[in-house]
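Report on the following structure.
The values are calculated or read from the model by the stated rules, or taken from the named source; none is laboratory data. What you see is a predicted model, and the numbers here were worked out from it, not measured in a lab. Please note: Cβ atoms are built from the backbone with ideal geometry, for glycine as well, and neighbour counts cover all protein chains shown.
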Amino acid sequence: MSDLSLLVQMGFGALLALSVYLPLRCGQLSLATPGFYVIGGYVAALLSTSWSALSGDGAGYPLTSLALELVVAALVAAAVALVLGRPVLQLRGIYLAIATIALVEILRVLNLNLAWSGGAVGIFGIPQPFAGPGGYALATWVLLALVCWLCARLEDMRLGRAMAAIRDDELAARCMGIPSADVKLTAFVISAVIAALTGVLAAHFLNTWNARQGGFDASITTLAFVVFGGSRIWLGPVLGGLVITALPELLRPVGDLRLILFGLVILLGPILFPQGLITPERLARLQQTL
Amino acid sequence: MVHLLQILINGLASGAVYALFALGYTLVFSVLGVINFAQGAMFTIGGYLTYLLIGGAVGANGLLAGWQLPVSLPFWLALALAGAGSALVGLGVEAMAFRPLRQRNAEPLLYLISSLGAGVVLVNLVQLLMGAESYSIPTSTLAALPSALALGGAQIRTVQVLLLLVATLLVALLTLWLEGSRGGKALQAVAEDPVTARLLGIDSGAMIRLAFALSGFLAGVAGGLVGLSVSIAGPYFGIGYGLKGLGVLVLGGLGSVPGAVLGGLIVGLAEALVPSELSGYKDGVAFAILFLVLLLRPQGLLGKPVASKV
């Protein structure tokens with residue numbers, strides 16, 4: 001894998017980590033992120049391969065079409081999240097986590113069997129809007145920068161503060177007049193949109209999309225990004241996503257042992273850094289010393 | 001046409017395996033309030049150990065290529081020893097991934113990640129040693145038994161009947177032990193309230209280790225049994241079962257032993273009733289049931305409702 005491709009993958013990791021982080025910021029452990037990632041990927045794959053008007057004059061896939069796919073994927077993901085969010089977000093703690101795992105699994109089985117998703121084979125030959133990994137790296141990191149900006153803004157906004165209040169004590173937050181159900185739903189919808197946008201880029205980048213993308217493993221790996229990096233400030237999941245995605249590649253020199261070492265890192269991370277690598281306190285100390 | 005009785009026995013047999021698996025989760029959940037995501041890896045290890053102990057040879061990949069134990073044990077002894085081996089692995093997982101966090105009163109989310117890390121390490125260790133190929137435990141290890149039984153006009157694989165019997169036996173023994181012995185009562189006391197249990201002189205650390213050993217044993221035996229009735233489809237085969245076992249666990253109600261059994265049987269039967277032309281959807285059945293039950297009854301079928309504190 002070239003360095004630029006790795007950079008793209010790392011960007012995807014950070015984006016998915018932020019998608020898991022947003023519900024977690026209001027105390028909701030939702031593992032639905034890979035499901036919305038898969039939905040975004042299928043939207044991109046289906047639109048770009050079947051809609052001939054989109055595929056341009058043969059001189060490369062037009063960027064305007066890519067932009068259109070991003071909009072459609074965001075709308076689809078938001079609609080699905082709105083419909084599912086209400087009933088699902090009434091569940092708490094581990095029950096919410098498992099209900100969202102169930103959703104991702106149901107989606108996977110449907111995609112594996114239904115005709116329009118290409119079944120087990122999937123969809124091939126997704127057109128390329130960029131000539132090489134460089135273009136993808138740029139697109140991914142622009143999206144990442146936008147999402148980071150949104151998350152950073154959120155910490156100072158009424159919505160972000162409401163989310164933090166619900167995380168600390170939902171009952172107290174509701175007594176203060178915070179509409180907790182609406183706030184949780186908003187976080188869930190934003191999270192879904194981020195995952196779906198990432199899926200659109202990933203489908204083009206990988207050139208193919210199938211039901212093996214984003215299963216249970218992906219749910220847990222993305223959660224590991226957040227826990228490893230730290231779930232109290234947006235910088236944490238970004239760092240976690242970048243580092244853990246790069247890890248198996250960085251460990252390639254150790255050959256067969258790399259996945260064992262990868263497992264050890266995930267095992268020891270929570271024990272050595274229970275708050276994650278980045279906490280607001282560490283960040284403040286760092287700012288003081290600089 | 002496939003006989004209804006045949007469907008029923010197949011469903012009950014796979015349901016019994018899910019139940020064994022879910023019981024392992026339940027034991028750990030009831031004493032610690034967290035889910036051990038390395039359970040699927042212990043299932044894998046149980047399957048591979050059974051295969052090795054009956055004298056199976058390692059395939060061409062992996063570090064141990066071509067290696068084989070000098071002995072070849074009868075299946076039942078191999079299964080019991082594999083269960084014991086998985087129990088030891090369970091103790092190791094507790095010591096590595098759980099105890100350090102417990103000593104710091106860490107939040108439940110962290111256990112989820114660290115146990116998952118332990119699972120990744122174990123599964124890849126198996127892959128490193130034995131390769132990624134699938135193994136099968138030949139039913140000829142059951143020696144004298146016929147391969148199928150004729151029962152009321154239906155042909156039923158002996159393996160399925162054995163699976164059902166063993167699982168029933170283990171569930172019965174576990175229930176008897178939990179309800180009737182001092183050790184079982186002590187475990188329940190820790191599950192109810194660790195602080196009070198400690199005041200009453202119960203070593204809660206020992207009880208937690210016991211829960212891990214038992215859940216490792218159950219997972220290991222389930223792995224060996226599935227290896228016999230289906231096959232050991234590579235080191236990751238425990239993960240899929242682990243995920244479904246998790247669904248079964250929540251369906252029945254977290255921390256409830258009868259719930260785990262009921263959930264296992266419901267999922268097993270529902271999967272067996274999926275008509276063959278829709279067999280592709282079989283893996284989704286457990287999660288579809290789980291999802292609906294969670295929406296209607298968030299505590300699961302037999303779980304206690306969670307009181308929200310004010």
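Okay, here's what the table says:
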| quantity | calculated |
| --- | --- |
| Of all residues making up segment B:163-197, the number that are within 26 Å of B:Leu225 (Cβ to Cβ) and in a helix (DSSP H, G or I) | 21 |
| Sole exception among (1) without any contact (Cβ under 8 Å) to a residue 24 or more places away in the chain; (2) more than 14 Å from chain B (Cβ to nearest Cβ); (3) within 22 Å of A:Tyr21 (Cα to Cα) for A:Leu138, by number | (3) |
| Lone qualifier among B:Leu254, B:Leu249 - being within 14 Å of chain A (Cβ to nearest Cβ), touching a helix residue (DSSP H, G or I) at 6+ places or on another chain (Cβ under 7 Å), under 22 Å from B:Val93 (Cα atoms) and modelled with pLDDT under 85 | B:Leu254 |
| Residue ID - surrounded by the most Cβ atoms within 10 Å (Cβ to Cβ), chosen from residues in segment B:93-107 that are in a loop (DSSP other than H, G, I, E, B) and at the interface with another protein chain (Cβ under 7 Å from one of its Cβ atoms) | B:Ala106 |
| Hey, A:Gly230 within 14 Å of chain B (Cβ to nearest Cβ), more than 20 Å from the chain's Cα centre (by Cα) and modelled with pLDDT under 90 or not | no |
| Top-ranked residue of segment B:287-302 - restricted to ones that are within 8 Å of another protein chain (Cβ to nearest Cβ) and within 30 Å of A:Val121 (Cα to Cα), ranked as surrounded by the fewest Cβ atoms within 10 Å (Cβ to Cβ) | B:Ala288 |
| Residue within segment B:197-207 that is at negative phi and within 14 Å of another protein chain (Cβ to nearest Cβ) present | no |
| Output for segment A:200-227, where each listed residue is away from chain B (no Cβ under 12 Å) and under 29 Å from B:Pro108 (Cβ atoms) | A:Gln213, A:Gly214, A:Ala218 |
| Boolean, A:Ile244 is within 23 Å of A:Ala145 (Cβ to Cβ) and either at pLDDT 90 or above or not in a helix (DSSP H, G or I) (or both) | no |
| Exclusive hit being under 21 Å from B:Ser204 (Cα atoms) and surrounded by 20 or more Cβ atoms within 10 Å (Cβ to Cβ), set B:Leu116, B:Leu176, B:Leu110, B:Leu122 | B:Leu110 |
| Residues (of a type outside the set (A, V, I, L, M, F, W, C) and without any contact (Cβ under 8 Å) to a residue 12 or more places away in the chain) located in segment B:55-91 | B:Gly66, B:Pro70 |
| Pick from segment A:185-234, criterion buried (at least 24 other Cβ atoms within 10 Å of the Cβ) and either of a type in the set (Asp, Glu) or touching a Cys at 6+ places or on another chain (Cβ under 6 Å) (or both), ranking: farthest from A:Ile266 (Cα to Cα) | A:Ala187 |
| Total residues in segment B:179-193, condition over 15 Å from B:Leu27 (Cβ atoms) and either modelled with pLDDT under 85 or surrounded by 11 or more Cβ atoms within 10 Å (Cβ to Cβ) (or both) | 1 |
| Cβ pairs under 6 Å, 6+ apart, first in segment B:1-21 and assigned to a helix (DSSP H, G or I), second of a type in the set (Val, Ile, Thr) | B:Gln6/B:Ile156; B:Ile9/B:Ile156; B:Val17/B:Val226; B:Tyr18/B:Val248; B:Tyr18/B:Val267; B:Ala19/B:Val261 |
| Breaking point among (1) farther than 20 Å from B:Leu52 by Cβ; (2) aromatic (Phe, Trp, Tyr); (3) surrounded by fewer than 19 Cβ atoms within 10 Å (Cβ to Cβ), for B:Phe212 | (3) |
| Checklist (1) surrounded by fewer than 18 Cβ atoms within 10 Å (Cβ to Cβ); (2) more than 11 Å from chain B (Cβ to nearest Cβ); (3) part of a helix (DSSP H, G or I) applied to A:Pro237, failing item | (1) |
| Residue that is nearest to B:Gln6 (Cα to Cα), among those in segment B:251-310 that are of a type in the set (A, V, I, L, M, F, W, C) and part of a loop (DSSP other than H, G, I, E, B) | B:Leu273 |
| Residue count for segment A:153-184, restricted to those that are over 27 Å from A:Val76 (Cβ atoms), acidic (Asp, Glu) and surrounded by fewer than 18 Cβ atoms within 10 Å (Cβ to Cβ) | 4 |
| Unique match (being touching a residue at least 60 places away in the same chain (Cβ under 8 Å) and hydrophobic (A, V, I, L, M, F, W, C)) among A:Leu91, A:Leu146, A:Leu103 | A:Leu103 |
| Test: residue in segment B:137-155 that is hydroxyl-bearing (Ser, Thr, Tyr), exposed (fewer than 15 other Cβ atoms within 10 Å of the Cβ) and more than 8 Å from every other protein chain (Cβ to nearest Cβ) | yes |
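Residue-by-condition table, conditions (1) of a type outside the set (Ser, Thr, Tyr); (2) part of a helix (DSSP H, G or I); (3) within 12 Å of chain B (Cβ to nearest Cβ):
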| position | (1), (2), (3) |
| --- | --- |
| A:Ala78 | yes, yes, no |
| A:Gly85 | yes, yes, no |
| A:Leu91 | yes, no, yes |
| A:Leu96 | yes, yes, yes |
| A:Leu107 | yes, yes, yes |
| A:Leu110 | yes, yes, yes |
| A:Val121 | yes, no, no |
| A:Pro127 | yes, no, no |
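Residues are listed down the side, and each one gets a yes or a no for (1) farther than 19 Å from B:Ala38 by Cα; (2) crowded, with 18+ Cβ neighbours inside 10 Å:
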residue: A:Leu251; (1), (2): yes, no
residue: A:Leu261; (1), (2): no, no
residue: A:Leu264; (1), (2): no, no
residue: A:Leu267; (1), (2): no, yes
residue: A:Pro270; (1), (2): no, yes
residue: A:Leu277; (1), (2): yes, no
residue: A:Glu281; (1), (2): yes, no
residue: A:Leu286; (1), (2): yes, no
